[in-house]
Amino acid sequence: MSMPNSEPITPYRSMRTRSVGQKGDHKIEEADRLKASMDVGYLLQRVLSSDLAPSVMHSNRMRLETLRRCSYYLEVIRLDLPMGEHTYLSNSTILHLIDPWKLQRMKKLANSQVKIQLSLLEELHEQLLKGRQRLDSLLECCDLPMLMVEGESIRERVTEQLQTKADFDGMLLPGRLHSKHQLISDMGSAKVPQVRLALVLKMPVHFDKERSFATGSSASLHWHVAGSEIADPREQFELRYKLMQPTCAVEGAEVGVLTCAAYSAQVEGLRSDRCYEFSIKRVDSCCLVYGLWNDSIILRTISTSIGGGNENYDKRRRLFPW
């Protein structure tokens with residue numbers, strides 16, 4: 001009895017089946033690569049228009065400049081009191097209880113810390129600017145074939161810039177000061193307050209250039225603390241002034257210093273039709289560890305000659321708007 005003919009499974013058909021499967025897997029891999037490459041392109045566009053946008057770079061520069069103009073102080077933190085509880089010992093009293101040598105050492109440490117922090121912020125900001133320029137150049141010449149080849153490398157560069165920005169943002173506030181030794185020496189039978197010193201900053205003081213002006217023999221100065229709408233009655237300021245371009249020794253000695261508890265002052269006894277430079281800052285305290293910047297303004301007094309009335313005054317305000 002003869003058996004019906006049956007078509008045998010040839011090796012060719014088996015190979016063709018595997019080939020079709022491999023082509024399908026290859027298409028899936030290509031689609032995944034294409035999507036990943038396009039995602040990198042979208043990431044590059046998003047970062048350059050948000051995290052590293054020109055407005056953000058400008059804001060970072062302004063924040064850095066503000067920090068350079070701030071004043072940095074030591075502040076006493078009580079560790080032996082519940083949160084919000086008051087004490088009969090003021091901060092100034094506790095500062096006098098701290099060993100003078102240890103206090104000076106902490107001030108030097110704080111001063112170095114502020115300088116290092118500002119230097120690192122400057123370096124990080126420069127890295128962000130250069131990194132943004134490189135990424136912007138990549139975006140201009142970037143196309144899909146380039147993304148397919150260099151997508152992973154571009155992603156790493158973007159991630160690196162985002163980390164640099166995070167480092168910059170994380171350093172905008174003063175760091176904590178660490179002391180290995182007890183700051184207050186033994187007080188005998190009295191309980192020794194448990195304290196630590198923190199580094200705090202105060203915003204810079206600026207002249208109000210719209211309200212400050214000079215008359216024939218006096219100047220009215222007004223100032224404010226940046227970012228503050230309410231005047232702090234505990235603040236004290238040092239106002240300095242000097243005659244510019246003196247013509248003799250007497251004029252060269254025409255300088256003055258005023259200590260002010262308010263946010264304005266009147267300086268009398270000035271020469272007419274002359275320029276004076278005024279500078280303002282907070283009064284130095286024993287807690288100050290860093291504060292190099294002072295705001296300044298130049299005002300010209302009104303001429304008392306004939307015809308030097310309000311018209312002449314307005315003219316000089318226009319000539320010297322600062």
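The values are calculated or read from the model by the stated rules, or taken from the named source; none is laboratory data. Note that this is a predicted model, so its numbers are computed, not measured. Quick reminder, even Gly has a Cβ in these numbers, built from the backbone with ideal geometry, and neighbours come from all protein chains shown. In case anyone asks, the SASA skips ligands and DNA or RNA and just uses the protein heavy atoms, side chains included. Shrake-Rupley method; radii C 1.70, N 1.55, O 1.52, S 1.80 Å.
At a 10 angstrom cut-off on C-beta neighbours, averaged per residue, how do the peptides 266-275, 35-44 rank from highest to lowest?
35-44, 266-275
Here the label points at Asp136 and Ser305, each 7 Å from Cα along the C-beta direction, are separated by 5.1 nm in the simple model. Estimated at the nearest 10 Å², the accessible area of Thr259 is 100 Å² with a 1.4 Å probe. Summing charges over all other residues whose Cβ lies under 11 Å from the Cβ of Cys70, with Lys and Arg as +1 and Asp and Glu as -1, gives +4.
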